[in-house]
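Single-structure report; data block below.
The values are calculated or read from the model by the stated rules, or taken from the named source; none is laboratory data. From a predicted model like this one, the values you see are computed outputs, not experimental measurements. Cβ: placed from backbone, ideal geometry, glycine included. Neighbour counts: every protein chain shown.
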Amino acid sequence: MENITASELAGFGVGTLLLCASIAAPRIDAFISASQRSTLGMCKRCGNLRMIACSKCKGTGILKGGPFGFNLGDDLYQSVGGGGSKVPSIACTKCQARGHFCCPDCSDTSSV
């Protein structure tokens, strides 16, 4: 690699900026939604739903096999109308296959 031109350097800069923005997007979204909920007088964590989705199974209650909890081939096959899943799925141990938890900020623990 001999010399980098100004347009290549600008491309690297824009690519880096886009990568950082895509990594920070979930945190920015969570901050904005919590701000909107507090403005409306709602619970900041759950929005008065009194339950929070499980972070391990993403609210589904099951975990699929494969690396990182998903299998790209199986997901694509199901999205185009394929039959049953070929990937083994197990119940989430964090939420006991319910997919959610009671909100610790606003749910009444005596009624659960």
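Things to note:
- Only residues that are in a helix (DSSP H, G or I) and among the basic types (K, R) were counted in region 1-49, giving 2.
- The sole residue among L40, L76, L72 that is out of contact with any strand residue (DSSP E or B) (no Cβ under 6 Å at 6 or more places or on another chain), among the hydrophobic types (A, V, I, L, M, F, W, C) and modelled with pLDDT of 90 or more is L40.
- Of the residues making up region 27-64, those that are exposed (fewer than 15 other Cβ atoms within 10 Å of the Cβ), over 15 Å from the mean Cα position of the chain (by Cα) and without any contact (Cβ under 8 Å) to a residue 40 or more places away in the chain are I32, S35, Q36, S38, T39, L40, G41.
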